[in-house]
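In what follows, a structure is listed as structure tokens, so that the remarks can point back to it.
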Amino acid sequence: MSYTVFATIPVKPEHMEAAAQALAAIVPATRAEDGCISFEPHRAADGSSTIMIFEEWADRDAFDFHHAQEYTKDVFARYENWLQSEPQLVEVKSLEG
């Protein structure tokens, strides 16, 4: 069974562009990882400085592998000063089963 997460990342407005660019830079490598089914980052359409990511992984191990990659750790390190508050990660399941 896949492991699916919806992440909400509240970014300080003055760092929104840098945060979005840093995340966008790792999208190709992330999508190429074994176990990555879907990795879809978005910014809030209302203009707020929020990034949302829909992530689907083959399993929890694939998710954990992603978080162990140097490029992911680098983005997390840069986010330390860019965030308004802690990101919210919610595991989600399909309504269809």
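The values are calculated or read from the model by the stated rules, or taken from the named source; none is laboratory data. Predicted model, so just to flag it, every value in this text is computed and none were measured. Quick reminder, even Gly has a Cβ in these numbers, built from the backbone with ideal geometry, and neighbours come from all protein chains shown.
Each row is one residue, and each column tells you yes or no for (1) in contact (Cβ under 8 Å) with a residue 40 or more places away in the chain; (2) in contact with a helix residue (DSSP H, G or I) (Cβ under 7 Å, 6 or more places away or on another chain); (3) not acidic (Asp, Glu).
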residue: SER2; (1), (2), (3): yes, no, yes
residue: ILE9; (1), (2), (3): yes, no, yes
residue: HIS15; (1), (2), (3): yes, no, yes
residue: PRO28; (1), (2), (3): no, no, yes
residue: ALA45; (1), (2), (3): no, no, yes
residue: ILE51; (1), (2), (3): yes, yes, yes
residue: PHE54; (1), (2), (3): yes, no, yes
residue: PHE63; (1), (2), (3): yes, no, yes
residue: HIS67; (1), (2), (3): no, no, yes
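Each residue in the range 39-92 was checked for being surrounded by 16 or more Cβ atoms within 10 Å (Cβ to Cβ), aromatic (Phe, Trp, Tyr) and either at pLDDT below 95 or farther than 12 Å from TYR3 by Cβ (or both), and 3 of them qualify.
Can you find a residue that is surrounded by 15 or more Cβ atoms within 10 Å (Cβ to Cβ), modelled with pLDDT of 95 or more and at positive phi anywhere in the range 27-37? Looking for residues that are surrounded by 15 or more Cβ atoms within 10 Å (Cβ to Cβ), modelled with pLDDT of 95 or more and at positive phi, one finds at least one in the range 27-37, hence yes.
Considering only the range 7-24, I want to know if a residue exists there that is at positive phi, out of contact with any Asp or Glu (no Cβ under 6 Å at 6 or more places or on another chain) and surrounded by 12 or more Cβ atoms within 10 Å (Cβ to Cβ). Write out each step before concluding.
Step one: list which residues in the range 7-24 are at positive phi, which gives none.
Checked against the condition, which is being at positive phi, out of contact with any Asp or Glu (no Cβ under 6 Å at 6 or more places or on another chain) and surrounded by 12 or more Cβ atoms within 10 Å (Cβ to Cβ), the range 7-24 yields no hits at all.
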